[in-house]
Each structure stands twice: as structure tokens, then as C-alpha cells.
Amino acid sequence: MDSKNLTLFNRIKDSDIYFSFIKSPTAIVSTVILIIIFFCSFFVELVTPYNPFDPSSLSLMDAFTPPSWTEDGLAKFILGTDGQGRDMLATILYGSRISLIVGFSAVIFALVLGVSLGLTAGYFGGKYEMIIMRFTDVQLTVPSILMALLVDGIARGIISRELHDEMAIYVLIFAIGISEWPQFARVSRAATLVEKNKDYVSASTIIGVSNLIIMFKHILPNIMRPVLVIGTIGLALAIIAEATLSFLGVGVPPTTPSLGTLIRLGNDFLFSGEWWITFFPAIFLVILAFSINLLGDWMRDTLNPKLN
Amino acid sequence: MKPKNLLKILLAFLFVFASSQSFAKTIKWSMQGDSLTLDPHAQNEGPTTQVSRQIYEALVTRGLDMSIGPQLATKWKAVDPNTWYFYLREDVKFSNGQKMTSEDVVFSILRAKQPTSDFKEYISTISGVKAIDDYTVQIKTSKPNPILLNQLSNIFIMSKQWSNENFAVVPQNWDAGQETFSATNAMGTGPFKITLREPNTKTVFKKNGKWWGDVEHNITEIQLLPIKNAATRVAALLSGEIDIVTDAPVQDLARITASAGHKVESTPQMRTIFLGMDQAADKLRSGNTGDNPFKKKEVRQALYQAIDIEAIKKKVMRGLSEPAGIITFPGVTGYTKALDKRLPYDVDAAKKLLADAGYPNGFDVELRCPNDRYVNDEAICTAVVGMLGKIGVNVNLFAQTKSKHFKELKDDQGDFYMLGWGVPTLDSHYVFHYLYESGASWNKVNFSDADVDAAIRVMEGEVDLDKRNAAIAKAWKIVRDNIAYLPLHHQVISWASKTNVNVPIRPNNEPLFRFSSVN
């Protein structure tokens, strides 16, 4: 086991990607920030003693406490509290967990759907390809937020109100995923078109390997680089889309707020001087999306040298 | 040039100057929600009446000082305790030029008594109305009614001919979601007329040139532009896009006052906010216990004592509310300070009451709230959810826009809900008749008590004020001891406007633009 691990480590250490990574300060900084954010969000119970989702643990008299370093601040609420007496730091971390879960799930959903359609379209060609690609063209003309709003609106019509709050997160994932899949379909089709004329594909065809195995076992690993680049940038977009939808009030319910919901709730207090209620979730969202974007840019430069 | 010509030229300049000055005096008015309907008899709701009041008029009306005075009727007399004569103004025309006569008054009062009217409770004692001649109306009551004038001040007069022509003879059935011509169009005798109506977006009122009264205002146009989001509404006011906001968010008053071009006025409002709990249903629609905990007085009292109203006052209302013990306020006949005292806030007592009632682990229930009707309505509900969570009552908050909230309440869908109640007649009878009488239209807690019903009959027919007040006091004591509702607080309203816009603030939150000016 030991030697195998060592070789894997050595393989990583010797790779172009690792070399490029340690030469890029932006990549290192953004990765460190993202690791911290991910850790704090997914192990938030270890980081903070507060549970903002449990209304009975809150005290209204704690509401509107400013950040701890200001004059009226309290040490137990580092970033202050919101209008319901929830600790801002805990609320933001719980909120970013929801944002990240929605973002990741939506991107994985879009990736699976987009890549399977794009890959098969590129591989089979003909009318099937035309139909799929015209479909992506049509959908790309519809702004993704509009698409997501449409899906949410339909879901609200179908799902009963009692279920809606529980289903809201799945609706959101579906809505964002469905609005992002054309990107993946186009990229994977383009890459498939290049790959399918290569000798290894012809060789597989000649020895009678089935289409399914050629596509998903042989071509798929070779088109993953551009797809991962799109996926990383797509993650940042999905998180922002989630925040936008929640800000517009069609996302997750206020009792289990995501970052976008928090910004919306804090927005009411912008004029009254309680800036921290909206400022901290907003700056957190900016840092999160910016770090993912920087990492995505670095991945694009490294994994896809042709783009340079 | 001759001096005479010079004078003419000067006068001409002066005229142009003066007329361009008075040319467009527009007030852009905003609040969080819109009027629900323009039909003046379809919905008895604050903002709806606020809009109707600018277009329609009643026989008598409350002035700026809230006292009753003549409007369409110049004088009135009661020839016996059950027969009233109203003498109408003879120079009143509707905004389409028709003359208003007693036929219109008779038609309107009968219209407001139709089953689809939401104002029928106001005039339930009126047993007959007829036109004696063109300008005299006789009103008969089924028993002596000491508050008839107060009630009539909310019955708006429509044109019989216009209603006939536009299929508006009966009020719009708002509860059933009916759409009618009269719901989107209005034609009255008031100082303004509506020229554009886009519900929830924009309503334009123009000065009614045919109005009979002495014009004391200098406004040519009012635009009502509802803005639901509090911060957006304040931003619109501060940027000059809006001239007056009649429900300025409490958290932003300091910011608005600090702005050089703006002013804020506050006054205790004639409105009490409370929570209702359905006490009749066998099983809560949103519960988990299979029965209805609200049937037990201990449970209602536990919820009452679990609410820290001072915290809500301090944090949610920023001091601008007055904790309430009954659903009425100073100035209303029957109000006393002793009645208005709340049960003490006591979480331990509440827990014990809940355990004694057989719910030691609490229960689940849904709290329905409007989110664009009362001052910080949704925030109050959110605070209540947390406070009730502390005694184990797991409340699921469902906040929605007021039109849906009210409609679903009337449709008996609420177990536990928020409502606010104003008293336009300034008499306790109004509160009992709508909220406490068995089967009353807004009695959605299904409270029923024979003694209270009997006391309401006394309030309607007793002209001996001492006896009447005794009945009111008795009824208040019964409903208060029963905890029929869970009172929260009396609202304080704040109007914020540009400094050059003068709209006198009134405790019923109803602007009277006929007394307003823009400088």
C-alpha cells in the first residue's frame, strides 16, 4: 500500500498540473480559501455553537447586535446578529452550505445531462445531432435566470404548498441544472467531433466494440478536460444563480436561508444603518464565487492550452 | 410704450407665470400594498377604503379631526328613535356630469346591504330606506341605533344609472374571486376621479373638476404606486421618485428624518394587531395531534404568555407600538386602560399551562401571515415563531401577500393567523359585530358566546348610554377572560414625505388629499 501511495503521490508531483499549480499564486490562494470555506460550511457544527435553523434557540432581544469590534458589539456574536437574533457567522456558514449543495448538485446534474447528450450527438451525428444542437441553440437564447424562474414557476404550480418548502431545494437544483446543460452539451460535442476520427476510435470500431463502450469508456476520458473547466466556472455561475433566485424570493425558504436569501433579508435594513446583515453574506458570496472563478481560470489555462 | 400697455404685458407675464406654477401638481403616493378592489362595497379593508375615499363620498364623513360632519347630506334629524331623515346637497354631480339625487343614495345603501357586500355588517340595523323627494332620504332602523352616523360615514354613494349601465348593481363577490367593471373602474362624487388603474402597479387620480366642494387642495393628479419591498420604497422616497409614503418602515425613520428634503410624522394608529386561533375545528388542518389544542383555554393562554411583546416592541417595531390587551384602542367607546392590560410574559407559566392542558411536548401548527399589510407583519410573525418554539409549539410560518391571505382566511383555511383591526366607527360595537359575534364574517376563530351575542344586541339598540356602556364592558370582560384572540399591539403609523408635500396625517391612516398641498 505504502509504495502504491508513494507512486501516486510521485505521479501527481511529477505532473504538469502540479507544476503549474505551485507556480501559480492565484491558484494556491483560491484553493486555500475554498478549502477553508468548504470545511467551515460542511463541518459548521464544529465551528460554531449556534444553530440558526432552530427558532426556539434564538432570542429576539439579541437582534440587531452589531459586529463585535464596534462599540455596541458583543464578543459572542463576532459578525453581529440579524433581525431575528441569529448569529451572522453561523447563519452565513449554514447558508453557504445550502448554496454549495445547490451549486454542486446543479452542476453535476447539468454535467451528466449535457455531456451524455453532447457526446452521443457528436458521436452519432446526423439528424439526432442536429435536433440536440438546435435545441441547445434555442435554449442558449433564453437567459438562464429566466429559464430557472420558469421552472420554479411551473414547479410551484404543480407541487402543493405544504410540500413546496421541502421540495424547494430540489426544484432549485433542477431549475439551475436545466438552465446550464447546453454549455456542457456544446463543449462535449465539439471535443467528441475531434476525438471520434482518431485512430483509437477507428481501431475499437474495427474490432467490434459496442458504441456505448467506445463513447463512455474511450472517448469520455479524453474530453473530460474542457468539460471540467466548464464545470468549475459553471459552479460559480450556479452559486450566483442560486443567490439571484433566492434574492428574488423564489429560492429556498427564509427559515433555512441560503446566501441569497440572507442578502435579501438584510436588504431591508440597508438604510437603517444595520449594514452587517446584508454586507457579510454578500462579501462571503463574492469571495466564494471569485475563488471558484480564479481556480476555473487557472484550470482552463492548464488543462486546455489550445485556448491560450 | 403707454403705461396701460405695459400693465397689460405685465399682467400677461404674471398670468403665464402663475398658470405654469399651478400647472402640474402631482403627488406620487406609495405604500406596501394596493387597494384590493375599486368596488366601494366589496372589501372592508384599510388601503381599499383609503383609495375609495378619494373618489367616493358618503352621507356624512369624518374630517381631519376625526369628528363626524356633513358631506353629501347637509343636515339630518331623527323624527322618532327608528326613523331618520337626511337632507341632501342639491349641487352634487358625479364626475360624469350626472346629478346626484336621493335615488342614488337609496340604491347605494341597498347595494351595501347585498350578500356580496363586505359592508353589510355596518348597516345591519337599517331596515328600510326610501326617497321622499329628490333630495330627502328616509332611513328606518329596526331598533334605535346610537351609532348610525358613524356607520354611514363608511357607506359610499354610487350612481344608480352608472351601476345599471355597467352591470355593477350588486357588489363584486371578492371572496369568490369575481371580476367586475366596478372592481377596476370607479365613478363617484368625490374630489378626484380615477383615470388609470393597473392593480398593484399604478393608479392615477385626476382632479374632479365637477366636484361640489370648496377646493382647498392644489393637486391636479395623484399617482398611487405600491412598492412592496421596504428598502425599495424608502429608496424611491429618498431619490425623489415618490412624494409620500404612508407606511414608512420603522427601521428607516431616522434615515429619512436625517435627509434634508424629507420629513416624518408619526401618530398612534387606530388599529390593533392580533393573532387568531380557530377554536371550533375538531382537528387542526396543519396540526399533528389529531385534535384541536386551541379548543382549550389553557393552550391559548400559554401561547399568549409565551409572547414577549416588549421584545417585539423594542426590536421589531423599534419602540413604535403600544402592547395591547384588547382589540381596541384609546378613543373608542368602551376602551379602558384596565382592559388593555396584558397577561404577564412568563415562559415557565406558559409551559406549565401547556402541560396541564395535555400537550407537554407542544404541537405543530401553521401560522398564516400577510407580508404586505401591517407594519413589519412578517417580522412580527417570525419573532412569534421563535417565542412559541421556546414552549415547544412548533410553528411553521406561511407568509403571503394580503389579497391571498385575506381570501384564504375568509375561505376558512386558517388555524392560526395574524390580522389587524381598525375601528372606523370609533365604537366597540364594530369590533364585536365583526370579530366576536357568532358566525360573523371576520370571526374566523369561530368564537361563540351567548352572553356576548346578547350584549351586541344591546349595543345596537340601547340609547341609554349607561346601560349600553355596561353591556360593552361586560362583553369585553368575557372575550378577554376567554382569550378569544391573542392581542399583540396597537400600531403606530409613520408617514414620510418630501418637506414640500403636506398631507395631514390621520390616526386611521387615511389620507385626505382634498386637504393636501404641494408647494
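Odds and ends about this structure:
- Within region B:384-430, the residues that satisfy the criterion of being in a strand (DSSP E or B) and away from every other protein chain (no Cβ under 13 Å) are B:416, B:417, B:418, B:419, B:420, B:421, B:422, B:427.
- Unique residue being surrounded by 19 or more Cβ atoms within 10 Å (Cβ to Cβ), small (Gly, Ala, Ser) and assigned to a loop (DSSP other than H, G, I, E, B) when the list is B:117, B:124: B:117
- Residue that is farthest from the other protein chains (Cβ to nearest Cβ), among those in region B:282-324 that are touching a strand residue (DSSP E or B) at 6+ places or on another chain (Cβ under 6 Å), of a type in the set (Gly, Ala, Ser) and under 17 Å from residue B:342 (Cα atoms): B:324
- Top-ranked residue of region A:53-78 - restricted to ones that are in contact (Cβ under 8 Å) with a residue 60 or more places away in the chain and part of a loop (DSSP other than H, G, I, E, B), ranked as nearest to the other protein chains (Cβ to nearest Cβ): A:64
- Qualifying residue in region A:240-258 (condition: hydrophobic (A, V, I, L, M, F, W, C), under 22 Å from residue B:383 (Cα atoms), buried (at least 24 other Cβ atoms within 10 Å of the Cβ) and in contact with a helix residue (DSSP H, G or I) (Cβ under 8 Å, 6 or more places away or on another chain)): no
- Test: residue in region A:66-89 that is crowded, with 17+ Cβ neighbours inside 10 Å and within 26 Å of residue A:303 (Cα to Cα): no
- Residues that are basic (Lys, Arg) and either assigned to a helix (DSSP H, G or I) or within 19 Å of residue B:68 (Cβ to Cβ) (or both) do occur in region B:147-160.
- Residue in region B:447-454 that is at pLDDT 90 or above, surrounded by fewer than 23 Cβ atoms within 10 Å (Cβ to Cβ) and in contact with a His (Cβ under 9 Å, 6 or more places away or on another chain) present: no
- Qualifying residue in region A:109-123 (condition: farther than 30 Å from residue A:227 by Cβ, more than 14 Å from chain B (Cβ to nearest Cβ) and not charged (D, E, K, R)): no
- Pair list, Cβ < 6 Å and 6+ apart or interchain, from region B:92-112 residues that are free of Cβ contacts under 8 Å to residues at least 12 places away in the same chain to residues that are basic (Lys, Arg): B:99/B:93
- Residues of region A:35-51 satisfying the condition of being touching a residue at least 60 places away in the same chain (Cβ under 8 Å) and surrounded by 17 or more Cβ atoms within 10 Å (Cβ to Cβ): A:37
- Per-region count, region B:491-507, residues closer than 26 Å to residue B:316 by Cα and assigned to a strand (DSSP E or B): 8
- Scanning region A:79-88 for residues that are within 14 Å of chain B (Cβ to nearest Cβ) and assigned to a loop (DSSP other than H, G, I, E, B) yields A:80, A:82, A:83, A:84, A:85, A:86.
- The residue list B:372, B:377 contains one member that is touching a residue at least 12 places away in the same chain (Cβ under 8 Å), of a type in the set (Asp, Glu), in contact with a helix residue (DSSP H, G or I) (Cβ under 6 Å, 6 or more places away or on another chain) and within 14 Å of chain A (Cβ to nearest Cβ), which is B:372.
- Test: residue in region B:186-195 that is assigned by TED's automatic domain parsing to the domain that holds residue B:59, surrounded by fewer than 19 Cβ atoms within 10 Å (Cβ to Cβ) and in contact with a strand residue (DSSP E or B) (Cβ under 8 Å, 6 or more places away or on another chain): yes
- If you go through region B:79-100 and keep only what is buried (at least 19 other Cβ atoms within 10 Å of the Cβ) and not hydrophobic (A, V, I, L, M, F, W, C), you end up with just B:95.
- So residue A:269, is it under 22 Å from residue A:80 (Cα atoms), over 17 Å from the mean Cα position of the chain (by Cα), within 14 Å of chain B (Cβ to nearest Cβ) and of a type in the set (Phe, Trp, Tyr): yes
- Residue A:150 being within 30 Å of residue A:255 (Cβ to Cβ) and within 24 Å of the chain's Cα centre (by Cα): yes
- Among the conditions (1) of a type outside the set (Gly, Ala, Ser); (2) buried (at least 19 other Cβ atoms within 10 Å of the Cβ); (3) not in a helix (DSSP H, G or I), the only one that residue B:336 does not satisfy is (2).
- The helices (runs of 4 or more DSSP H) located wholly in region A:123-217 that include 2 or more residues which are under 30 Å from residue B:414 (Cα atoms) occupy A:144-158, A:161-195.
- Considering the conditions (1) in contact with a strand residue (DSSP E or B) (Cβ under 8 Å, 6 or more places away or on another chain); (2) under 20 Å from residue B:334 (Cα atoms), residue B:415 is excluded by exactly one of them, (2).
- Residues of region B:224-266 that are free of Cβ contacts under 8 Å to residues at least 24 places away in the same chain and of a type in the set (Ser, Thr, Tyr): B:232, B:239, B:257, B:259.
- Residues (farther than 22 Å from residue A:279 by Cβ and either modelled with pLDDT under 90 or within 11 Å of chain B (Cβ to nearest Cβ) (or both)) located in region A:34-52: A:45, A:46, A:49, A:51
- Top-ranked residue in region B:347-361 [being assigned to a loop (DSSP other than H, G, I, E, B) and in contact with a Lys or Arg (Cβ under 9 Å, 6 or more places away or on another chain); ranked as surrounded by the most Cβ atoms within 10 Å (Cβ to Cβ)]: B:359
The values are calculated or read from the model by the stated rules, or taken from the named source; none is laboratory data. Quick caveat: nothing in here was measured; it's all calculated off a predicted structure. FYI the Cβ positions are ideal-geometry reconstructions off the backbone, even for glycines, and counts take in every protein chain you see.
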